[in-house]
Amino acid sequence: MQAAAILSRSGLLAAVFCMVLPAAAQDSVRVAPGRACPACRVTLTPTLVLGADAGVYGPTVESRVARDSRGRFYVAPTYTPGTIAVFASAGRFQRAFGTEGGGPEEFRGIQNVVVGPGDTLWVVGGGGRITVVDPEHRIIRSVTADGGARGILPRGDGSVIAMSMSGAGGVILDAAGEEVGRLALSDPGQSAMSGQAAVVRLGDGRLVALHGTRYRLDVLDTTGVRQRTVDRSAYWFPALESEEEALERVQTAGTAAMTFDAAAAPGGEVWVLAQRINMTRVQEIFRAVESGGVTAPVLDMNELLDPVLELVDVDAGTVVATGGSTERLLTGFLDGQHVVGVRELADGTVILDLWKLDVRGR
């Protein structure tokens, strides 16, 4: 897989060039260095593999995974555009449905799949189109989020919260696709520049929105009104104050970072997946392309991205535990108890690893 395609599709370049972080707002809580539980560490245990038997409906490095109450796994996008792969609870491939296109029974540019109320499947496609599918995989309806969407949170009344990719932040769409509200984010313009911004619901109904190009979590009430912002900065995730400083870091620094995904942990805390970006390797790729190569060199994404998992207590404004990095690239959370990794085999086949999350040392 060519590195240029990886960088473009994953939104990494956009994230790197857009990670300008203004000073924290007055209602922000800056997370102190270190961990609230020094002995605690995030650990991962492999539990399941998806995709090894799926053939042309196998996953790609961009695939997202959702699981319904029956234990079925949905994986999209797949190597066959416009299709969604269905796997049994034990990981065996069952079937695929959907075709490529813009018609009422078709999908185009699938970016995310999320299970909603009643085991409905919400499919996020290109152009902000969100399609709702029933448990028997029949289309119920489609709505469009203006400006595009990536992270979504379906609600029981048929509405959905969508993290916009246009800089509008989080918007609330009713069942007809009309905007009926917005999330009061601390900086909507930065909320989805990476295309990976997420919104999760805590057990008490509060919402937590993750900013893709910074390590910032907005804590909102059930209606979307912001209560506080938890701002996490570290030596590997610096707060850059200007475009000039961001550009200099891209050109000279060895490491940059972006947040990829978030999930609500069973105990009321929030899991955050960040990726450290090897900027030295990025510069090597740029130089290889500029030297006359038509395509970028083949790149293992593990050479470029170093995953960091952290458990954040948004009420205390602390990091409870950190760790969880493996030799596999982590792409996102399945839920608050599992995270998904991607692995490319020697023959180019991509498979997905499911890892059980745990915190040792409490």
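On full extension, the segment bounded by S291 and S142 gains 49.0 nm, given 0.36 nm per residue less the C-alpha separation.
Keeping every protein chain present and rolling a 1.4 Å probe, give me the accessible area per residue for the stretch 94-160 in Å².
Details: 2690 Å² over 67 residues.
Using a 1.4 Å probe on heavy atoms only, each residue of the stretch 94-160 averages 40 Å².
Close amide H contacts of I110 (hydrogens built in the peptide plane, cut-off under 5 Å, sequence separation of 5 or more or a different chain): G82, G126. Reported value for the stretch 27-134: 176 Å³ per residue, from the convex hull of its C-alpha atoms.
Mean separation of Cα pairs under 8 Å and 6+ residues apart, divided by the residue count of the stretch 305-344: what relative contact order is that in percent?
Details: 51 pairs, mean separation 12.3, N = 40.
Relative CO of the stretch 305-344 lands at 31 percent.
For V29, nonlocal amide neighbours, meaning residues 5 or more places apart or on other chains whose placed amide H falls under 5 Å from its own, are T229, V230, D231.
The mean accessible area for residues of the stretch 301-362, using a 1.4 Å probe and ignoring ligands and nucleic acids, is 37 Å² per residue. Would you calculate the separation in nanometres between label points at R30 and A175, each defined as 7 Å from the Cα along the Cα-to-beta-carbon direction? If labels sit at R30 and A175, their model points lie 4.8 nm apart. To the nearest 10, the accessible area of D221 is 40 Å² with a 1.4 Å probe.
So what's the convex hull volume per residue for the Cα atoms of the stretch 79-143, in Å³? Don't skip to the answer; put the middle values down first.
Numbers: hull volume 5.7 nm³, N = 65.
That works out to 88 Å³ per residue.
The values are calculated or read from the model by the stated rules, or taken from the named source; none is laboratory data. Computed from a predicted model, the values in this text were never measured in an experiment. Counting neighbours? That spans all protein chains shown, and the Cβs are built from the backbone with ideal geometry, glycine included. For the accessible areas, the whole protein counts, side chains as well, though only heavy atoms, and no ligand, DNA or RNA atoms are used. Shrake-Rupley method; radii C 1.70, N 1.55, O 1.52, S 1.80 Å.
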